[in-house]
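Here is the structure we will look at.
Since every read-out is calculated from the coordinates, none of them should be taken as a lab result. Quantities reported herein were computed from a predicted structural model and do not represent experimental measurements. For neighbour counting, all protein chains shown are included, and Cβ atoms are generated from backbone atoms with ideal geometry for every residue, glycine included.
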Amino acid sequence: MSPAPTLSVVLPCLNEGAHLERSLATLSGVLDALALEYELVLVDDGSSDDTWEVLVRLARANPRLRAVRLSRRFGKELALTAGLEQARGAGVLVMDADLQHPPALIPEMVRAWRDEGFEVVEAVKTRRAEEPLLARLGAKLFYPAFRRLSGFDLEGASDFKLVDRRVLAAWAQMGERNVFFRGMSAWLGFRRKAVPFEVAPRAGGRSGWSPWRLLRLAVNGITAFSSAPLQLVTAMGLVFLLFAVGVGLQTLYNWFCGRAATGFTTVIVLVLIVGSCIMIGLGVIGLYLSRIYEEVKGRPRYVVRDQTGPRVP
Ligand code: UDP
Ligand code: MG
């Protein structure tokens, strides 16, 4: 195996076959101009198009390119994980394969890492791409909620980052199965620099994120970084206890005065409210329980089906 390169570029790909060759050519152009040793690590997240065939062909022609194919679609976070575990560089750059993360930003990021000594250089979105209304609305709700619950501000954060090997080593020790890369990177700390960028339009193909997948990512992110929803259930219980003591005393008082309450409305309303609070509470506990279950099963995070070149242990 060739000596470890200075920079590894990790790209998760799902059904990017149509434009991959063009996109990689653009990316290689930028990287070649940097005059440093680099490698490209591409992870095929179980694509159903010709992504893998394209990757194998490109890897044959380009010794700097390595490709890993997962056995099915594991999702972007796990495809990223697979790529990060394969990367050998002293610095690792993570970006999208659809060129929505502009390669033109790479020289500046590399400079901040190599010359200014920043260990995490993150590209921060100043403007989001054209997205469906639901996705925009979701992001508007998610980021403030995440900040409040976890204490980490991810507003504008993207998966376009350059991290030093030291950060990667620390990240590798976070053994959780439910990977939320953006949050984990914020949690790790280190010396960080933010570089602003505008999300470009897709180089081709289609976004792989359905509203349902985005919601799942948001719930995963919050449950992985905050137990506040669980405490919220406790707080809700306490409020209801106070309420119950008040109403209970009033009812007893009425009974002693011989004025037994006739109001069924109160009973119905109370039963409905308390019932829904209990169900929501159980649901929240269930969310965390299912996460514990996921972690306890200890399954591998992803399964590799194919690989070009030698495997990194
Ligand atoms: N991706 C992936 N697995 C998925 C969804 C996406 O590997 O389940 C990859 C995709 O190929 C791309 C990157 O993750 O390189 C970003 O995905 P996409 O462009 O679909 O997301 P968007 O830019 O719309 O947020
Ligand atoms: Mg994209």
### Message
Please give the Cα centre distance for segment 70-111 versus segment 221-281, rounded to the nearest Å.
### Response
49 Å
### Task
Compute the label zone of T26 within segment 83-119: residues whose backbone N is under 19 Å from the point 7 Å along Cα-to-Cβ.
93-110
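Express the relative contact order of the chain as a whole percentage, based on alpha carbon pairs under 8 Å and six or more residues apart in sequence. Please report the intermediate quantities before stating the final value.
Working: 453 pairs, mean separation 71.4, N = 313.
Rounded, it is 23 percent for the chain.
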### Message
Report for the chain the percent antiparallel among DSSP-assigned beta bridges with both residues inside it, nearest 5.
### Response
30 percent
### Query
Residue separation times 0.36 nm, minus the C-alpha to C-alpha distance between N62 and I285: what's the value?
75.3 nm
## Note on the structure
Within the set K297, K140, K193, GNM on the chain using Cα springs under 10 Å gives the largest fluctuation to K297
### Query
What helices does the chain hold that run 30 Å or longer along their axis, going by alpha-carbon atoms, with a Kyte-Doolittle average of 1.0 or more, using DSSP H for the helix calls?
228-256, 264-297
#### Entry: Cβ charges +1 (Lys, Arg) and -1 (Asp, Glu), total dipole of segment 43-138, debye
200 debye
## Note on the structure
Other residues with Cβ under 11 Å from the Cβ of T6 give, with Lys and Arg +1 and Asp and Glu -1, a net charge of +1
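Tell me whether segment 26-156 comes out rounded, prolate or oblate; compute the Cα gyration tensor, take square roots of the eigenvalues as a ≥ b ≥ c, and use a/c under 1.5 as the rounded threshold.
Cα axes put segment 26-156 in the oblate bin.
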### Query
Separation between the F243 and E130 pseudo-spin-labels, each 7 Å from Cα along Cα→Cβ, expressed in nm?
4.7 nm
### Query
Considering only DSSP beta bridges with both partners in segment 29-179, what is the antiparallel share in %, to the nearest 5?
60 percent
### Query
Hey, in the GNM for the chain with a 10 angstrom Cα cutoff, which one of G258, G183, G298 fluctuates hardest?
G258
## Note on the structure
Per 20 angstrom bin, beginning at 0 and ending with the bin that holds the maximum distance, the Cα pairs of the chain fall in percents of 28, 48, 15, 7, 1
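In deg cm²/dmol, rounded to 500, what helix-only [θ] at 222 nm does the chain give when every DSSP H run of at least 4 residues adds -39500 (n - 2.57) and the total is split over its residues?
Numbers: 10 runs with 159 residues, N = 313.
Counting only the DSSP helices, I get -17000 deg cm²/dmol.
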### Message
What whole-number distance in Å separates the alpha-carbon centres of segment 112-151 and segment 29-66?
### Response
27 Å
